[in-house]
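Since every read-out is calculated from the coordinates, none of them should be taken as a lab result. The structure presented is a predicted model; accordingly, all values stated were derived computationally and were not measured. Note that each Cβ is placed from the backbone with ideal geometry, even for glycine, and that neighbours are counted across all protein chains shown.
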Amino acid sequence: MQLNDMKCSIDNKRPRIASHLKTQAKKNALMQERFAQIETENRLLLERMSHIMRIKGGIDCRNDSVKYSHSLSKERRKRELQRIMNENQQILRRIQNAEPAYNHIVWEEEAQKNEKILANISQFKREPSGSGRKKGSLDDDSIHGYMNYYNTIPE
């Protein structure tokens, strides 16, 4: 009977939670501050959007700050650009009006003459030009006649 009346000497209950830890005052204050900041940003955004709607969707990218005022050398740069464009136009006109220094017709005639000379001095004769090939085409193998020669060798 004495054993039943005895109280335990070890406390197995969980510890009591302090009241200041239950309320989480710091976390709640930070959250309220963040929500207030979000509300302020939302209000500013809404004001900007309503301003845009009032001016019928115009772009408000103007900045009247002194920092972004007109450049002092803008006119000088504009004149310089105009001068360069005029010079380029004059050069273009001179190039377009210039007579060519080379005559392409003479070049073609010389190429045909050189081809005939090459055909006369070649060890391997070329195919006749009527074989469907474009006259005056410069095929390395056909100029020297190697492919024609090797195709005729019996295997």
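Gain on full extension, evaluated as 0.36 nm per residue between residue 3 and residue 77 minus their Cα-Cα distance, stands at 16.0 nm. Averaging the Cα positions of each part gives two centres, and for the stretch 40-54 and the stretch 8-32 these lie 43 Å apart. Label sites at residue 42 and residue 118, each approximated as a point 7 angstrom past Cα along Cα to Cβ, lie 8.3 nm apart. When the Cα gyration tensor is reduced to axis lengths a ≥ b ≥ c, the ratio a/c is 1.5 or higher for the stretch 1-59, and with a/b above b/c it is classed as prolate.
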